[in-house]
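> Let me give you the structure first, and then I'll get to my questions.
The values are calculated or read from the model by the stated rules, or taken from the named source; none is laboratory data. In this text, all values refer to a predicted model and were calculated from it rather than measured experimentally. Cβ: placed from backbone, ideal geometry, glycine included. Neighbour counts: every protein chain shown. Ligands, DNA and RNA are stripped out before the accessible areas are found, and what is left, the full protein with its side chains, is counted by its heavy atoms. Shrake-Rupley method; radii C 1.70, N 1.55, O 1.52, S 1.80 Å.
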Amino acid sequence: MKNVAARQREDRKTLELSVKGVTGDGRKISLRNTDIDTLTKYLGQWRRLVGQNVDIKLENGSIKATVTATSALIAGLVADCDHYAKGQTTEIPEERLSVFLQMEQDAKEGHRQYGVTCEGRQCLRIGPGIHRKAARNRVEEAELEIEGAVTDAGGEGSPNIHLFNKHGKYTISVDRQFLEGLSENILYKTIRVLVKCKYDVVEQVYKDYTLKELVDMPVLDEQKLTAAIKQGTKDWQGVDDPYKWLVSVRGGEE
Amino acid sequence: MTVLFDTCALISLLNEKAICHVSAEQCLRKLVEGKHRIVVSPLTLAEYGVKGNLADVYAQPFRIPNFGVPHAEKAAKFRAVTCDAEKVERKKPHDRQFIATDTMILAQAAAEQVDRVLTNDTRTFTRTAEALKKAGEILPNVVLLNDDPLYHLGLTSQRNFDFEK
């Protein structure tokens, strides 16, 4: 009869976690050309996926780690990878989900591709342009102000305007009357709008924008500013350093 | 460009005796002149209203976005980061290196696509922003009222060396 230690050894499986991408000068990222802070970050994310008491071995030539752990742990992670790919994010433990979401954000911003492979099967790929199914039922109503250049306006069935800024392109539904009532052509002009939208709590993105109102550009009313400063100076008498006052109101710094 | 006035900047603007009043007023004027979006968080109103008259704030060309679910989600995430950092940086058991309101204001700024945050808090606010950036969070740049803010906001290309200490 096999002893417990032998059974435990047999019960272990391996899993491969990887990051792919290129450096600023076009070379494939590897252990050699990645700074220690970034490596520590990757290792930290992997530790949060598999736990602290698990063997993680970094491999030369790429940024890859081999994890050796119990079958149960590996099976759990593989199942969560599947849940994630299918958009069933409510099935994933919070800690692990937050790592996946962080990887997704890093992938978008840093053009990296994260992978999880188990016994030759790629269980998960997170990278720019790789979309998982959106999770449902975690959407909240929100409002957002957006400033951007109008790149398109119109539409027969569902009128909308397209706003473009450094954060991306926004398609905003509008009433037909809004477009008909415009006194000037807004095409290619920069406008500021307040929109109603949905905030996807899981994906942490805004979507489904509907125009609420156009926002006027700011105008300074000299009289109102002068009056406010006069009143403010009276209200804040003795508070020459706002920081010190604020610290006392917030309960002290140290 | 979108610029957020934090509580210190707002008090400095409306209190003529405050140390950075002139800078704050100059920034407001230049931002309006450039038709930039100027934002104040409702959390700042909650602090300004302790001593000041909120009607004076509403009379200025500020946009005051609601603090809603997206902001709360981000604020919780930011606070978790600063709690972790606090454990590392704390020198005494009860040191408070980071303040929750700072993380909430920064969270709102990040969610509202703010480009710059104007403050004269060189301590907890700046420290919080640095800790969050170090943890990989994307944040607007913090511009200090006592360090040539017009230049750092990109509203002038000329450095004002009067700010040099």
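> Could you figure out which of (1) more than 10 Å from chain A (Cβ to nearest Cβ); (2) under 16 Å from B:VAL114 (Cβ atoms) isn't true of B:LYS30?
(2)
> Further question: Take the range A:222-254 and flag every residue that is more than 7 Å from chain B (Cβ to nearest Cβ) and open to solvent by 40 Å² or more (accessible area, probe 1.4 Å).
Of everything in the range A:222-254, those that are more than 7 Å from chain B (Cβ to nearest Cβ) and open to solvent by 40 Å² or more (accessible area, probe 1.4 Å) turn out to be A:GLU222, A:GLN223, A:THR226, A:ALA227, A:LYS230, A:LYS234, A:GLN237, A:GLY238, A:LYS244, A:SER248, A:GLY251.
> Give me the residue from the range A:47-66 that is polar (S, T, N, Q) and part of a loop (DSSP other than H, G, I, E, B) and, out of that set, surrounded by the most Cβ atoms within 10 Å (Cβ to Cβ). Talk me through it step by step, then tell me what you get.
From the range A:47-66, those polar (S, T, N, Q) are A:52-53, A:60, A:62, A:66; that's our starting set.
Narrowing further to those that are part of a loop (DSSP other than H, G, I, E, B): A:52-53, A:60, A:62.
Working: A:GLN52: 7, A:ASN53: 8, A:ASN60: 8, A:SER62: 14.
Restricting to residues being polar (S, T, N, Q) and part of a loop (DSSP other than H, G, I, E, B), the top hit is A:SER62.
> Quick one: B:ALA55 ticks every box in (1) modelled with pLDDT under 95; (2) more than 14 Å from the chain's Cα centre (by Cα); (3) over 30 Å from A:LYS198 (Cβ atoms) bar one, so which box is it?
All conditions pass for B:ALA55, except number (1).
> I'd like the residue in the range B:119-145 that is more than 12 Å from chain A (Cβ to nearest Cβ) and of a type in the set (A, V, I, L, M, F, W, C) and, out of all such residues, is surrounded by the fewest Cβ atoms within 10 Å (Cβ to Cβ).
B:LEU139
> Could you list, ordered by first residue, the pairs with Cβ atoms under 7 Å in which the first is in the range A:80-98 and without any contact (Cβ under 8 Å) to a residue 40 or more places away in the chain and the second is crowded, with 18+ Cβ neighbours inside 10 Å and outside any helix (DSSP H, G or I), at least 6 apart or interchain?
If the second residue must be crowded, with 18+ Cβ neighbours inside 10 Å and outside any helix (DSSP H, G or I), the pairs left are A:ASP80/A:ILE92; A:HIS83/A:ILE92.
> Only residues in the range B:1-23 that are within 7 Å of another protein chain (Cβ to nearest Cβ) and farther than 17 Å from B:PRO61 by Cα count as the first member; pair them with residues that are in a strand (DSSP E or B) and modelled with pLDDT of 95 or more, Cβ under 6 angstrom, at least 6 apart or cross-chain, and list the lot.
none
> Further question: Within the bounds of the range A:200-209, is there any residue that is open to solvent by 60 Å² or more (accessible area, probe 1.4 Å) and among the aromatic types (Phe, Trp, Tyr)?
Taking the range A:200-209 as the starting set, the residues that turn out to be open to solvent by 60 Å² or more (accessible area, probe 1.4 Å) are A:204, A:207-208.
Those left that are additionally among the aromatic types (Phe, Trp, Tyr): none.
No: the range A:200-209 contains no residue that is open to solvent by 60 Å² or more (accessible area, probe 1.4 Å) and among the aromatic types (Phe, Trp, Tyr).
> Same structure again: Among (1) hydrophobic (A, V, I, L, M, F, W, C); (2) touching a Ser or Thr at 6+ places or on another chain (Cβ under 7 Å); (3) within 21 Å of A:LYS13 (Cα to Cα), which single condition is A:LEU97 missing?
Of (1) hydrophobic (A, V, I, L, M, F, W, C); (2) touching a Ser or Thr at 6+ places or on another chain (Cβ under 7 Å); (3) within 21 Å of A:LYS13 (Cα to Cα), only one is false for A:LEU97: (3).
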